[in-house]
Structures are given as C-alpha cells and as structure tokens.
Amino acid sequence: MDLKQIAKDTTKTLVSYVTYQALRVVIAQLDETEPKRAYWLRQFTHRVSIQDSEAYLAALFKEEQRLAFRLLTVREHIAEEVADYLPEMLRSGIQQANLQQRTQQLERMTQIDPTASNQHPEVESDSEVEPESDSELDRW
C-alpha cells in the first residue's frame, strides 16, 4: 500500500470536488447578477467536463479568462474555509460509516429466516414439537 500515492490521488479528487463546488457558487452568483453569463457557463460546462478540474480550468481560461480567475478565487476560499475541519471530519465520517456498515451486516447475519423452520424440520426447537398423544411418546 503506497500511502503517499493514495494521498496524492485523494488530494487530486478533493481539488476537483472543491472546483466543482466553486463552480456551483459562481453560477449561483451569476444567476443573481448576470443571468446570460450563468447560462453561458452552464453551456460551457456541458461541453467541457469538470471531472478533471485542471483541464476544465485551462479550457475556461482560453474562452473566458475572467470567469476562470473567479473560479480560482472561490475554490481557494472554499479550501481555506474547510481545511481546518476536513481531517477530523474525514476520520469521524469514515468511523461512523464503518460502524453503520458493520451494524447493518451484523443485523443481516443474525436475522432468522422465518421460512427456515419449514425447510429444515429437524432443526425445530423442543417447544415446537409436542406429541399429540401418549402413544406417540411410547414411540420415542
């Protein structure tokens, strides 16, 4: 397990996600102030995927430099605001999600199938097996 590579890959994913969030903020702002530019940015985003945020920004710089700089500013602000909380939130989020998954799996593993007793009569409990008469007891 290469933890350094995992950290690099995680950082790249987080950068792309923060860029996506910045894009949402900028579009919301533009909807209020410049609806035509908001529309243009939506159309641009349909043409150019934001999955790779750096390639997206490079393409945006070629077409609309002012919006690209605005996205850079907003994503930097978002990163600064969440950076302090992120490590602890990540740890606690993973712990909570793991606990929930383990709990659900344990519940699935311990559930009794109500049709199981019909399929395997030899597994029935003693309380369910009651002889109908004394003659049946004699056969036991």
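Read-outs throughout are calculated quantities, based only on the coordinates presented, and are distinct from any laboratory measurement. For clarity, every value in this text was computed on a predicted model and none was experimentally measured. A quick note on method: Cβ atoms are made from the backbone with ideal geometry, for glycine too, and the neighbour counts reach across all protein chains shown.
Here r is the Cβ-Cβ distance between residue 96 and residue 55 and R0 is 25 Å; the resulting FRET efficiency, rounded to 0.05, is 0.15. Partners of residue 12 within straight-line reach, counting lysines whose Cα lies under 19 Å from its Cα and excluding those fewer than 8 residues away in the same chain: 4. Taking a ≥ b ≥ c as the square roots of the eigenvalues of the Cα gyration tensor, an a/c ratio of 1.5 or more together with a/b no larger than b/c marks region 9-83 as oblate. One decimal place: the segment residue 17-residue 40 gains 6.2 nm when fully extended, by the rule 0.36 nm per residue minus the C-alpha distance.
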